[in-house]
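J.: Would you mind keeping the following structure in view while I ask a few things?
The values are calculated or read from the model by the stated rules, or taken from the named source; none is laboratory data. Remember, it's a predicted structure, so these values are computed and weren't measured experimentally. Positions of Cβ are generated from backbone atoms using ideal geometry, with glycine treated the same way; all protein chains shown enter the neighbour counts.
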Amino acid sequence: MKILVVGSGGREHALCWRVRADRPDADLYCAPGNAAIAEIATTIPLAADDIGGLVAWSVANRPELVIVGPEDPCALGLVDRLSEAGIRAFGPSAAATRLESSKAWTTELLDRAGVPIPDSATFEAPGDAHDYVDDSVEPLVVKADGLALGKGVLVCDTPDEAHAAIDAIMVERQFGDAGASVVVQERCFGPELSVFAICAGTSFQIIGSARDYKRAYDDDRGLNTGGVGAYSPVADADEAILQDVADRIIGPTLQAASDAGCPFTGVLYAGLMLTEEGPVVIEFNIRFGDPEAQVILPTTRGDLVAAMLAAIDGDVTRVDLAPDGSAAVCVVLASGGYPGSYETGQKIDGLDALPPGALAFHAGTETRNDGIYTAGGRVLGIVGTGPDVPAAREIAYAAVDQVTFHDSQWRTDIAATELAPVGQSKAAVPS
Ligand code: AMP
Ligand code: GLY
């Protein structure tokens, strides 16, 4: 079977690894891929957002399945274009990507559908948003409507901070056009939880839960990043919570998207907060998370390729894809300084000496004659797998100790119940 995976990060390495594991004989391609993906797939030098190039390649090579990793190609219409060409592509239509790309549209959709969300109001004029803040008594969160690389959400402690956030987003346009309108939301409190479901219109199956770590340093300090760690499963996400999330959140959201004329096919990533009143939706993403995919894909049983094909055909109710009862912990090794400025081109040692149960998913690496070198901010997702989260965590950190490069940086508190001291670069932390 010929399969094309689109993307080049750790998530796409995990997708290729999983397809290889399920389908050892697959004729697997990845565009553009990376150094490690090239070991298990044929890489094609086409960028993930080169929609014309990807469609032309697919029409010429007729893959039986195209799996789209990141959101951008979906938002640019890759899945629509491939479907029109008669090629089965797994991911949402451009219209359905609004669940991730417009917080205003999604908030209104969810509110109408009765899906639990924090009290929210959308504004197109800064003055109206300021008036709303003046009339509010609760702490607030101010969100740029559009995509802002995960940075357009400002959690405020005081009304002054909320006023400043409105100006930063709408007046100073710190996030560009993403800030043409804002959603001002009641601030909720509680642990966060991500739930992943494979969806086809209104049918869906939950495939796992994860918790991710967005701040660069231990104890949730430092700047927001694309994600520097994750683990699965999450103990809070017991069967009752997941049933509640299915019944009151994912089911009604899919129904509402379908009723709005943009049925959702793909992986829906629900970012939730577990409040005293139950789970509420903080955000949706329309794809696997990165690095959440690196902990979900190694702990899911069933045939991923068959499940994706069933989703494209419109029904995942009979698909056997579910958590396998094991656990995984991912610790991201980053270049020192990430997400600010950092150096690349450092030689990586120890990748051939990983302990049993460990996996290394590559995000920013390149192969040179004498080995593998760093080539990005997030370099590797080091994953430990085991029967439970503590066992998986031990393996992940044992593997982290093996893999070295100059000025690497990682958090020491991924999946720890108690938070450890602030992590810095490897050079600065006594081992
Ligand atoms: P988002 O990009 O919407 O996921 O928001 C980024 C982060 O902001 C989330 O992971 C939460 O930690 C926080 N956040 C977003 N919305 C709220 C809210 N209504 N109440 C409290 N925290 C929030
Ligand atoms: N790790 C967060 C994301 O993929 O959006």
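J.: Going through the range 35-63 one residue at a time, which ones are of a type in the set (D, E, K, R) and out of contact with any helix residue (DSSP H, G or I) (no Cβ under 8 Å at 6 or more places or on another chain)? First the steps, then the outcome.
T.: Start the filter on the range 35-63 by keeping residues that are of a type in the set (D, E, K, R), which leaves 39, 49-50, 62.
Those that are of a type in the set (D, E, K, R) and out of contact with any helix residue (DSSP H, G or I) (no Cβ under 8 Å at 6 or more places or on another chain): Glu39, Asp50, Arg62.
J.: Hey, does the range 244-267 have a residue that's within 16 Å of ligand 2 (Cβ to nearest atom), of a type in the set (Phe, Trp, Tyr) and modelled with pLDDT of 95 or more? Lay out the reasoning, then the answer.
T.: Going residue by residue through the range 244-267, those that are within 16 Å of ligand 2 (Cβ to nearest atom) are 266-267.
Checking which are of a type in the set (Phe, Trp, Tyr) leaves us with none.
No.
J.: Test Leu193 against the stated conditions and say whether it is assigned to a strand (DSSP E or B), within 16 Å of ligand 2 (Cβ to nearest atom), under 26 Å from Glu138 (Cα atoms) and not aromatic (Phe, Trp, Tyr). Don't jump to the end; show me each part of the working.
T.: Working: assigned to a strand (DSSP E or B): yes; within 16 Å of ligand 2 (Cβ to nearest atom): yes; under 26 Å from Glu138 (Cα atoms): yes; not aromatic (Phe, Trp, Tyr): yes.
The answer is yes for Leu193.
J.: Also, quick follow-up: Under 22 Å from the mean Cα position of the chain (by Cα), farther than 25 Å from Ser232 by Cα and within 15 Å of ligand 1 (Cβ to nearest atom): which single residue out of Val183, Val195 fits that description?
T.: Being under 22 Å from the mean Cα position of the chain (by Cα), farther than 25 Å from Ser232 by Cα and within 15 Å of ligand 1 (Cβ to nearest atom) holds for just one of Val183, Val195, which is Val183.
J.: Can I ask one more? Taking the range 272-297 only, how many residues are more than 20 Å from Gly10 (Cα to Cα) and within 16 Å of ligand 2 (Cβ to nearest atom)?
T.: Selection size over the range 272-297: 6.
J.: Filter the range 47-68 down to residues that are without any contact (Cβ under 8 Å) to a residue 60 or more places away in the chain and under 10 Å from Leu4 (Cβ atoms) and give me whichever is surrounded by the most Cβ atoms within 10 Å (Cβ to Cβ).
T.: Residue satisfying both the conditions and the ranking: Leu54.
J.: A further question follows. Among the residues of the range 217-243, how many are within 16 Å of ligand 2 (Cβ to nearest atom), at pLDDT 95 or above and among the hydrophobic types (A, V, I, L, M, F, W, C)?
T.: Going through the range 217-243 one residue at a time, the tally reaches 3.
J.: Then there is this: If only one of Arg301, Arg318 is without any contact (Cβ under 8 Å) to a residue 12 or more places away in the chain and not in a helix (DSSP H, G or I), which one is it? It would help to see each step written out before you state the result.
T.: Working: Arg301 fails: without any contact (Cβ under 8 Å) to a residue 12 or more places away in the chain.
Sole residue among the options that is without any contact (Cβ under 8 Å) to a residue 12 or more places away in the chain and not in a helix (DSSP H, G or I): Arg318.
J.: Within the range 144-164, identify whether any single residue is more than 16 Å from ligand 2 (Cβ to nearest atom), crowded, with 22+ Cβ neighbours inside 10 Å and more than 18 Å from Gly271 (Cβ to Cβ), and answer yes or no.
T.: Yes - at least one qualifying residue is present in the range 144-164.
To keep it simple, each residue is scored yes or no on (1) closer than 20 Å to Arg287 by Cα; (2) aliphatic (A, V, I, L, M).
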| residue | (1), (2) |
| --- | --- |
| Asp145 | yes, no |
| Met170 | no, yes |
| Gln174 | no, no |
| Gly179 | no, no |
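J.: Further question: What's the number of the only condition in (1) surrounded by 15 or more Cβ atoms within 10 Å (Cβ to Cβ); (2) free of Cβ contacts under 8 Å to residues at least 60 places away in the same chain that Val137 fails to meet?
T.: It is condition (1) that Val137 fails.
J.: Return only the number of the condition from (1) touching a Ser or Thr at 6+ places or on another chain (Cβ under 7 Å); (2) of a type outside the set (S, T, N, Q); (3) under 19 Å from Pro291 (Cβ atoms); (4) surrounded by 20 or more Cβ atoms within 10 Å (Cβ to Cβ) that Cys199 does not satisfy.
T.: (3)
J.: Turning to a different aspect of this structure: Give me the residue from the range 382-403 that is part of a helix (DSSP H, G or I) and of a type in the set (Val, Ile, Thr) and, out of that set, surrounded by the fewest Cβ atoms within 10 Å (Cβ to Cβ).
T.: Ile395
J.: Across the range 223-243, which residue is farthest from ligand 1 (Cβ to nearest atom) among those that are free of Cβ contacts under 8 Å to residues at least 60 places away in the same chain and surrounded by 14 or more Cβ atoms within 10 Å (Cβ to Cβ)?
T.: Ranking the qualifying residues of the range 223-243, first place goes to Leu242.
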